[in-house]
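The values are calculated or read from the model by the stated rules, or taken from the named source; none is laboratory data. Remember, it's a predicted structure, so these values are computed and weren't measured experimentally. Please note: Cβ atoms are built from the backbone with ideal geometry, for glycine as well, and neighbour counts cover all protein chains shown. All accessible areas refer to the heavy atoms of the entire protein, side chains included, with ligands and DNA or RNA removed. Shrake-Rupley method; radii C 1.70, N 1.55, O 1.52, S 1.80 Å.
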Amino acid sequence: MTDSFSQKPIRKEIPASVPGDEGFDLNPDFIDEILTALDEQQTEHVLEQVIGLHYADAAVLIERLPSEQRNHLLKILQPSFNPEILPELDAAIREEVLELFGYADFAALVAVLDSDDAVYLVDMLDSEERGKVLARLPAEERQVIEQALAFPDYSAGRIMQRELVAVPGYWTVGEAVDYLRTTANMPDDFHALFVVDPRHRPLGTVRLSALLKVRRTVLLRDLMSTEMKVIPTAMDQEDIALLFRQRDLLAAPVVDASGRLVGCITVDDVVDVIDEEAEDDMLRLAGLSETSLYSAAMDTAKSRFTWLVVNLGTAVLASLVIGMFEATIEKIVALAVLMPIVASMGGNAGTQTLTVAVRGLAMKDLVPENARRVLWKEVLVGLLNGLAFAVMVGLVAWLWFDDGRLGVVIAAAMVINMVCAGLFGIAIPLVLERFKVDPAVSSTVFLTTVTDVVGFFSFLGLASLFLL
């Protein structure tokens, strides 16, 4: 490993962040100052201002600079680049860093990181880049990363941190404290010690706060808490996040199939998981796979194309329903003006219900035991809102086109579609979950198809029966 990456830069507090209404975002004036300094080749000034930034702020600065200035800044920072910046960067920007620094320097940066961050970074690379980076890592770090990558995606084995403190239960508090003081290979941050048996299986935990409050002669097995939640390496990260939320955990041990302690998961990792899962569900509901602001236009277009094709198919289906009543629409032109209202209101109401359902399934709040009760509740909500909007829309249609029967028809169609929106907004995610399909992936397209088809069919069908 090169000397330039062997030490993390010392953080220096400078007025780069602005608390208040804008949160703790970078000060726009600071960004402008860096841009000006880069344009004027003031290398020393740039280093002085940027080298002491918190790694998250430095990542934001790098992302917000135009491409040319970004590359200039990266070249300036390269000899003293903080490895902790890398996990905070957008994937497209990390690709630029890899291309600019080269595989050897990038690997040197990865080797300095905690194991969980190193695994995350290597996992984000394509297979060719991953092989080249792994080949340049020290043997020990490479083995740890390759072992982690062998675990399933989104599992505890992928996100766990290998750096931890494990001690035997027969040790005294004094022996544990002396060990912490004299051992060089300690995690940068940790909240507790894991007490293990001779087979390295976790028996309990001792918080640092408890460790410092008792005499040195107290045995760790008498001090440890056995009320810990042990996480298997195959556990899904969504379930881990739920466990941490329910039990207010700061850290939890991870064990392999034989029960041996192989790592730990800390609350900062879980915060990232929660953010990732929430973003993933939001994207899937919108039919997207990524939100990178820095990807090439062609790559972004390709990632969105497939889902738009599916939506085109559902739109054609709705158009076919409208085509069935072409003669009716020709005779009563007002139907063409009003029918989007019915479909739109049903779609919006259904999306509200769908959002609640997908969140409930993700948080394990919507389960088979209460599914029927929730379903009937949403049907009732759809009926109540349908009746309320039926009165409003019916009166508007009556006054607008001076036709009371038209007002009644659109009011009835509104009630039918709103009830269907409530019913299918819950039913579709439940059915998809039953068949082991992520409800966030395709619920929206099914729901909008139902509300469009039911809305158009009920409105135009009732109009054909009662207005012609």
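Answer with one residue from Leu312, Phe190, Phe435: the one whose Cα lies farthest towards the positive end of the charge dipole of the chain, charges on Cβ with Lys, Arg +1 and Asp, Glu -1.
Selected residue: Phe435.
Which one, Val110, Ile51, Gln41, is farthest towards the positive end of the dipole of segment 14-153 when Lys and Arg carry +1 and Asp and Glu -1 on their Cβ?
Most positive-ward Cα: Val110.
Amide H of Asp365: which non-local residues (sequence gap of 5 or more, or other chain) have their own amide H closer than 5 Å, using H built in the peptide plane?
none
Starting from the amide H of Arg201, placed 1.01 Å from N in the peptide plane, find each other amide H under 5 Å away whose residue is 5 or more places distant or on another chain.
Excluding prolines and chain starts, which carry no amide H, the hits are Leu261.
Any idea of the accessible area per residue across the chain, 1.4 Å probe, to the nearest Å²?
Accessible surface, normalised per residue, equals 53 Å².
Taking the Cα atoms only, what angle lies between the long axis of helix 103-112 and the longest principal axis of the chain, rounded to 10 degrees?
Approximately 80 degrees, to the nearest 10.
With a ≥ b ≥ c taken as the square roots of the eigenvalues of the C-alpha gyration tensor of segment 127-170, please select rounded if a/c is under 1.5 and otherwise prolate if a/b is larger than b/c or oblate if it is not?
Numbers: a/c = 4.07, a/b = 1.70, b/c = 2.39.
It comes out oblate by the Cα gyration axes.
May I ask you to give the percent of accessible area on the chain that is carbon plus sulfur, with a probe radius of 1.4 Å? Walk me through the numbers on the way to the answer.
Values: 14420 of 24970 Å².
Accessible surface attributable to carbon and sulfur in the chain totals 58 percent.
Tell me which residues come under 5 Å, amide H to amide H, from Val167 once H is placed; ignore anything under 5 positions away on its chain.
Phe194, Val195, Val196
HN-Hα J couplings of segment 155-160 from phi, Karplus 6.51/-1.76/1.60, θ = phi - 60°, integer Hz, Gly and Pro as x?
9, 4, x, 7, 9, 6
Excluding same-chain pairs closer than 8 in sequence, count the lysine pairs in the chain whose Cα atoms lie under 28 Å apart.
Summing the qualifying lysine pairs gives 12.
For the chain, what is the percent of antiparallel DSSP beta bridges, rounded to the nearest 5? Walk me through the numbers before you get to the answer.
Values: 16 of 21 bridges.
If I count the DSSP bridges inside the chain, around 75 percent turn out antiparallel.
Counting each DSSP H run of 4 or more residues in the chain as -39500 (n - 2.57), what helix-only mean residue ellipticity at 222 nm follows after dividing by all residues, to the nearest 500 deg cm²/dmol?
Working: 21 runs with 300 residues, N = 468.
-21000 deg cm²/dmol, from helical runs alone.
Please compute the contact order of the chain in relative form: average sequence separation of alpha-carbon pairs under 8 Å and at least six residues apart, divided by the residue count, as a percent. Can you show the working numbers first?
Working: 623 pairs, mean separation 49.1, N = 468.
Reported relative contact order: 11 percent.
With just the Cα atoms defining each centre, how far is segment 158-223 from segment 376-439? Give it in Å.
59 Å
Which value, in Å to one decimal place, does the Kirkwood hydrodynamic radius take for the chain when every pair of different Cα atoms is included?
On the way: mean 1/r = 0.0373 Å⁻¹.
26.8 Å is the Kirkwood radius here.
Sort segment 38-189 into rounded, prolate or oblate with this rule: let a ≥ b ≥ c be the square roots of the eigenvalues of the Cα gyration tensor; rounded if a/c is under 1.5, and if a/c is not under 1.5, prolate when a/b is larger than b/c, oblate otherwise.
Details: a/c = 2.59, a/b = 1.56, b/c = 1.67.
Here segment 38-189 falls in the oblate category.
I need the peptides 456-465, 273-282, 91-100, 325-334 ranked by packing, meaning the mean over residues of other C-beta atoms within 10 angstrom, with the highest value on top.
On the way: 456-465: 20.5, 273-282: 15.6, 91-100: 17.2, 325-334: 13.8.
Peptide ranking by packing, descending: 456-465, 91-100, 273-282, 325-334.
Rg/Rh for segment 380-468 to two decimals, with Rh computed the Kirkwood way over all alpha-carbon pairs. Don't skip to the end; give the middle numbers.
Numbers: Rg = 15.4 Å, Rh = 13.9 Å.
Using only Cα positions, Rg/Rh for segment 380-468 is 1.10.
Tally the DSSP beta bridges in segment 194-343 and give the antiparallel ones as a percent, rounded to 5.
Details: 9 of 11 bridges.
Percent antiparallel among DSSP bridges in segment 194-343 is about 80.
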